[in-house]
Amino acid sequence: MNTPARWWAAGMIVLVALGQAAWADAPVIDLSDEDAQGALQDSHRQQIDAFVAHYVDAMGKATTQETVVAARRRLIDNYNRFGTRAQEYMAAFASSMAKHGKDGLAAATGAGRLDALKKINLAIAASRMGQVSLGPLAEAMVSHNDPAVRFFGWDAYVSMRASVLAAGGPPADAMFAGLSDRLEKETDPHVLSQMMRMFTFRGVEEFGGAVSESAYEAGLARFFKALQGNWVGLCQRMLRADGVVAEAISIATDAASKIKGELKEKVDDKALAQMLANMAWSGGKAYDLALTVYEAAKAKADAAKLESGEAVESTTDPAQKARELAKKAGMALEDLPSVTESEHAVSAIAKALRDCEAALNALTGAGKNLIEKELKNGGAAVRIGTLEWIDDVLVKKYGIKKPEEIISPK
């Protein structure tokens, strides 16, 4: 899907073009397929560790983009070299990557383009190694001060989910603690959107038998708890009418509904009803704001056209209209997004509201289209639909609190 979140990620990956480099006296991993796919000896582990250390170090000391990218490719290619049957080999490789990669990431303190390239390529290499043993590096990545590193840190955790859920214990505790912590603290909407992939599942069969039914259900319960514990914060972010945040909210809403569908009575109906009510209320207010910002952005664009001598279809002074609408939205005129960005926000929030209504119908069986009806009308009346859901269905059926008693702008 060509969403702005994907464009943002692609913009980072532009930096990681293909490259070639050669290293004199570089260590090699001299294992046969039989060795790699069996029980590793200490000498084998030493080879793996020396190899990973060398290429992480080479990436950190690189003076060209080509060398950085070539080091990343050596790491990924050799991790995958013996195929998925070499599980002990892959776990050992990821363990060495966790140790040396964490040190390499900590040492990458420069602020230049090449420095950014080093951090991103290190993060990309780690994100391709879905092993429990990668945990310490994944933890460092998702709390890093560079949003690009955090983005790929969540990519790493998504690839690790199955092995972490199967392992349980401290690795699972660390993953869920990091998830809850970062849900509360994450400020970059694109990273937030990437985080939401953690909550999407196709069912236990997605893991091909690697995760037991009981471990899967226990994991789902912890994922739901993480969402529930941070839901008010997500609602507060929705109030800002950011299109990328709204895309993340759509994923979160769908995930919460589907987890409830799988866990059934293990998730309280009232708990999900309150979450959905809070989000519907927040989405309605965000939609109003997004429409205002969109109209202000269009008026500002028309004013710019008039200044350049172009004709516009407007019966009012577009500059004055832009100022009035920007003030209504609580924004300075110069801070207004582009027409394209503001149009995307309207569209993304509308989708989030539709997803919220779908989740409400799945929970209640009400079969109502109170929000969809107003969205089809192009409506500033969408909030009426959300309030009908809250007052006429959710308060009466589940005794939930009114969202305005819980959500306050932040």
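The values are calculated or read from the model by the stated rules, or taken from the named source; none is laboratory data. In this text, all values refer to a predicted model and were calculated from it rather than measured experimentally. Here Cβ is always computed from backbone atoms with ideal geometry, including for glycine, and neighbour counts include all displayed protein chains.
Quick notes
- Check on ALA138, in contact (Cβ under 8 Å) with a residue 60 or more places away in the chain and not basic (Lys, Arg): no
- So SER163, is it under 24 Å from LEU40 (Cα atoms) and among the polar types (S, T, N, Q): yes
- Neighbours by Cβ (under 8 Å, 6+ apart or cross-chain): first from the stretch 28-43, without any contact (Cβ under 8 Å) to a residue 12 or more places away in the chain; second of a type in the set (D, E, K, R): GLN41/ASP35
- In the stretch 1-52, of all residues being in contact with a Pro (Cβ under 8 Å, 6 or more places away or on another chain) and under 27 Å from ASP155 (Cβ atoms), the one that is modelled with the lowest pLDDT corresponds to ALA5.
- Boolean, PHE201 is aromatic (Phe, Trp, Tyr) and either at pLDDT 95 or above or part of a helix (DSSP H, G or I) (or both): no
- Any hit, the stretch 339-347, residues being farther than 28 Å from MET275 by Cα, surrounded by fewer than 20 Cβ atoms within 10 Å (Cβ to Cβ) and either touching a helix residue (DSSP H, G or I) at 6+ places or on another chain (Cβ under 7 Å) or hydrophobic (A, V, I, L, M, F, W, C) (or both): yes
- For the stretch 219-248, the tally of residues that are more than 12 Å from MET275 (Cα to Cα) and not aromatic (Phe, Trp, Tyr) stands at 18.
- Of the set (1) among the polar types (S, T, N, Q); (2) under 18 Å from LEU137 (Cα atoms); (3) out of contact with any helix residue (DSSP H, G or I) (no Cβ under 8 Å at 6 or more places or on another chain), all apply to GLN47 but (2).
- Whichever residue in the stretch 372-392 is among the aliphatic types (A, V, I, L, M) and either within 20 Å of ALA255 (Cα to Cα) or at pLDDT below 95 (or both) and, among such residues, is surrounded by the most Cβ atoms within 10 Å (Cβ to Cβ): VAL382
- Among the residues making up the stretch 291-304, those that are of a type in the set (D, E, K, R) and either under 21 Å from ALA350 (Cα atoms) or free of Cβ contacts under 8 Å to residues at least 12 places away in the same chain (or both) are GLU295, LYS298.
- Given (1) within 25 Å of GLY229 (Cβ to Cβ); (2) crowded, with 21+ Cβ neighbours inside 10 Å, index of the condition ALA358 fails: (2)
For every residue, the table says whether it meets (1) under 20 Å from the mean Cα position of the chain (by Cα); (2) more than 20 Å from SER347 (Cα to Cα).
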| residue | (1), (2) |
| --- | --- |
| VAL204 | no, yes |
| PHE207 | no, yes |
| GLN228 | yes, yes |
| ALA241 | yes, no |
| SER257 | yes, yes |
| GLU262 | no, yes |
| GLN274 | no, yes |
| GLY284 | no, no |
| TYR287 | no, no |
